[in-house]
Amino acid sequence: MQVLGIGSRILHPDLGKGVVTNVSSDKYWVTFMDKGLETIELDADFEVIDATNNDVDTVSFFDVESSLVSILQKWSDATQRVAIADKWKGGNLVLEPGEAGMSNKEIPINTFFHKIVMVRDRIRVMEQKINSSKNLDDQEKIDLQQYITRIYGSLTTFNVLFKNKSDHFVGEKS
């Protein structure tokens, strides 16, 4: 029995067309067009559309996925999952105007928290882009980094919302 390599394309009678994304001693991990990621036995009934014979122990789907997630977190403005402190879950932020006769504005605290996290993540992306810029000299990078540090310092008020201290904003330390 020939073991298919990663990247081989198959047609499974029940799951449809798919691509082998990982191989173990007894199973193929196959990403099917209609069914997503499934595991099937090496000796399962399927038709080989295009076989690749590359080494089985090349990059796995998990490695590719982990790399992609890491790249996206580093270079995009996609937000990472950040936990809100338990005491705030399900709560509301109430904005009460100082002017008499005006009504309050209530915002779900989760919505507000999500926006704070998005601001933080976009500042981080901006910081990475500044640091990797070829168009700025070192002094300009330092000057812009000081502004970013001050921005983080201005946002430390919102640290009370974060569950984990590692997610807090940190400004200038004296």
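At a glance:
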item	result
Residue in the range 46-68 that is modelled with pLDDT of 90 or more and either assigned to a loop (DSSP other than H, G, I, E, B) or among the basic types (K, R) (or both) present	yes
Selection within the range 119-174 - closer than 26 Å to K87 by Cβ and not in a helix (DSSP H, G or I)	L155, F162, K163, N164, H168, F169, V170, G171
For R81: the one exception among (1) more than 30 Å from T31 (Cα to Cα); (2) loosely packed, with under 10 Cβ neighbours inside 10 Å	(1)
Output for the range 110-169, where each listed residue is open to solvent by 80 Å² or more (accessible area, probe 1.4 Å), in contact (Cβ under 8 Å) with a residue 12 or more places away in the chain and under 23 Å from I71 (Cβ atoms)	H114, R122, M126, N131
Unmet criterion (only one of (1) without any contact (Cβ under 8 Å) to a residue 60 or more places away in the chain; (2) out of contact with any strand residue (DSSP E or B) (no Cβ under 6 Å at 6 or more places or on another chain)) for N104	(2)
Residue in the range 129-136 that is β-branched (V, I, T), at negative phi and out of contact with any Phe, Trp or Tyr (no Cβ under 6 Å at 6 or more places or on another chain) present	yes
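The values are calculated or read from the model by the stated rules, or taken from the named source; none is laboratory data. This one's a predicted model, so the numbers in the text were calculated from it and none came from an experiment. Quick reminder, even Gly has a Cβ in these numbers, built from the backbone with ideal geometry, and neighbours come from all protein chains shown. Protein only, heavy atoms only, side chains kept; ligands, DNA and RNA dropped before computing areas. Shrake-Rupley method; radii C 1.70, N 1.55, O 1.52, S 1.80 Å.
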